[in-house]
Amino acid sequence: MILSGSPFSVRDQGSPVPDLTNIRTKYPLLGVCYGAQFLAQLDGGEVLPSQIREYGRANLSEVNSNHPLLKNVNTGSQVWMSHGDTILNLPENFSIIASTHDVKVAGYQISGEETYGIQFHPEVYHSTDGMELLRNFVVNICGCEQSWTPDSFVDTTVDHLKEQLGNDKVVLGLSGGVDSSVAALLLHKAIGKNLYCIFVDNGLLRKNEFEQVLDSYKHMGLNVKGVDAKEQFYAALDGKTDPEDKRKAIGKTFIDVFDQEAHKIQDVKWLGQGTIYPDVIESVSVKGPSATIKSHHNVGGLPDYMKLKVVEPLKSLFKDEVRRVGRSMDMSEHLLGRHPFPGPGLGIRILGDITPERVRILQEVDDIFISGLRNAGLYNEVWQALAVLLPVNSVGVMGDERTYESVVALRAVGSTDGMTADWSHLPYEFLAKVSNDIINKVKGVNRVVYDISSKPPSTIEWE
Ligand code: XMP
């Protein structure tokens, strides 16, 4: 059993209090971040707000490498922290097994129990030995087998979908991204022609993306209909600048368009969605409304009147697992390797007003950046790259003329799951060339900046 992190503080009234009566001492138990603080406080330890904010990278300065949880976790190993509280004093029967320079209690075990706590997040990419730690826990301590493979996932999921859906019809919105495409292929394997796919052009896609992606879906044998709804989206976004207002407007318009199209299919009973695990975690707050970070519109956005049941075959997977599943179904590397692209598209990368002209500017900038990455062989080195059009004009000089034009920000990050990320150290020469190309070729832009923030505390998208 793993007790995960939480946006709550253990000191908050109403923070989650798991009942461990039938678990603790009966099964191996690992508390992570909040989970570790919870276990420490439960036995009389002291958890207080940290003196400094502890977000981002840290290194283990002391590690008990003989400890079964920490086998192959080395001193100096990078770990990712994201917490506002810290464990100051441990109860007597707890022993420290790892520390960082700032966090004395980075890991502990409770004597006489297979109960452990760690303050950092082993599940994230940037905890370099995090996978080792989790493997130690799951395989060595819990004695589980590592039997999950993409092939076995495809087999069991397709069987399950066949049983669940029988002869029912399913309608699914494709986005051009990996998630909805893999979900569509799984459903297609299970129910064939009873899957009806709809691909909406919301006017916020990348340059030429609608035509290209539609074409590749048809090649995959999917039954897909493309719908041009650009004007409807622009009208809904008119005058909206707040990120959540934009997401809602885009989400609502998508549902309207989708609903209209879905109604043209007779007797459809199910809605297929490419929801993956991080969408669920970041969109749904476990307790109370406070912790939703961004309301990703592809989660839970279905109006009741559509009366469709939801089928989400990828709901328990992380992005890297989705890619592995797609690969095992022979999906093209071009589609599989595509960087994640948010449902609201360029709508959350155009800060301020969204107009067709500003969409055009960002499409051009994005195209130069992304094709530049591909040409330089850097595209697969980064997890996600994007350009942001800022609501700021800056002064420049072109020829002898003073200009007063838009600023764009470029962002490229490394990650495995989008939950945490670090900015990519792209070569200066590459950045110089891209910046030059953008300013020379895209009318309306006279300045390019590069974003060097990690997540947390920043997010990947700017809105
Ligand atoms: P953030 O900005 O939250 O992004 O660090 C994490 C990942 O989620 C994507 N993202 C979205 N995807 N609808 C989506 O379908 C959204 O509203 C949304 N907002 C962010 C983002 O591109 C990144 O991959």
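All of the numbers you see were taken from the coordinates with simple rules; none came from a lab. As the structure is a prediction and not an experimental result, all values here were calculated from the model. Counting neighbours? That spans all protein chains shown, and the Cβs are built from the backbone with ideal geometry, glycine included.
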query: What are the semi-axes of the equivalent ellipsoid of segment 2-141, taken as the square roots of 5 times the eigenvalues of the Cα gyration tensor, listed largest first and rounded to whole Å?
result: 20, 18, 14
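Students often check this: by mean Cβ neighbours within 10 Å, which of 202-209, 224-231, 2-9 ranks highest, and how do the rest follow?
Descending mean neighbour count gives 202-209, 2-9, 224-231.
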message: Please compare each pair in K246/K309; K218/K252; K189/K218; K207/K309; K230/K433; K230/K315 to a cut-off of 24 Å on the Cα-Cα distance and tell me which ones are over it.
response: K246/K309; K218/K252; K207/K309; K230/K433; K230/K315
- prompt: Can you give the helix-only mean residue ellipticity at 222 nm for the chain, where every DSSP H stretch with n ≥ 4 adds -39500 (n - 2.57) and the sum goes over all residues, rounded to the nearest 500 deg cm²/dmol?
  reply: -9000 deg cm²/dmol
- prompt: Between S95 and D215, what FRET efficiency comes out of the Förster formula 1/(1 + (r/R0)^6) with R0 = 60 Å and r the beta carbon distance, rounded to 0.05?
  reply: 0.50
query: By how many degrees, between 0 and 90 and to the nearest 10, does the Cα long axis of helix 178-191 differ from the longest principal axis of the chain?
result: 90
task: Report the label-to-label distance for N72 and V392 in nanometres (one decimal), using points 7 Å from each Cα along the Cα→Cβ vector.
output: 4.5
message: If you average the C-alpha positions of segment 35-56 and of segment 153-226 separately, how far apart do those two centres end up, in angstrom?
response: 45
message: Given Cβ point charges of +1 (Lys, Arg) and -1 (Asp, Glu) and nothing else, what value in debye, to the nearest 20, does the dipole of the chain about its Cα centre take?
response: 600
Sorted by Cβ density within 10 Å, fewest first, the residues T157, T355, T416: T355, T416, T157
task: Assuming 0.890 mPa s and 25 °C, estimate D for segment 349-450 with Stokes-Einstein, Rh taken as the Kirkwood radius over Cα pairs, in µm²/s.
output: 173
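For the chain, compute Rg over Rh where Rg is the Cα radius of gyration and Rh is the Kirkwood radius from the inverse mean 1/r over Cα pairs. Could you put the intermediate results ahead of the total?
Details: Rg = 24.2 Å, Rh = 24.3 Å.
For the chain, the value is 0.99.
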task: Output ³J(HN,Hα) for segment 213-223: one whole-Hz value per residue in order, computed from phi by the Karplus curve 6.51 cos²θ - 1.76 cosθ + 1.60 with θ = phi - 60°, and x for Gly and Pro.
output: 6, 4, 4, 5, 5, 5, 5, 7, x, 6, 8
- request: Can you find, among V359, A409, W383, the residue farthest towards the positive end of the dipole of segment 349-450? Put +1 on the C-beta of Lys and Arg, -1 on that of Asp and Glu.
  value: V359
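Out of every Cα-Cα pair in segment 153-197, what percent are more than 12 Å apart? Write down the numbers at each step before the final one.
Details: 549 of 990 pairs.
So the portion of pairs separated by more than 12 Å is 55 percent.
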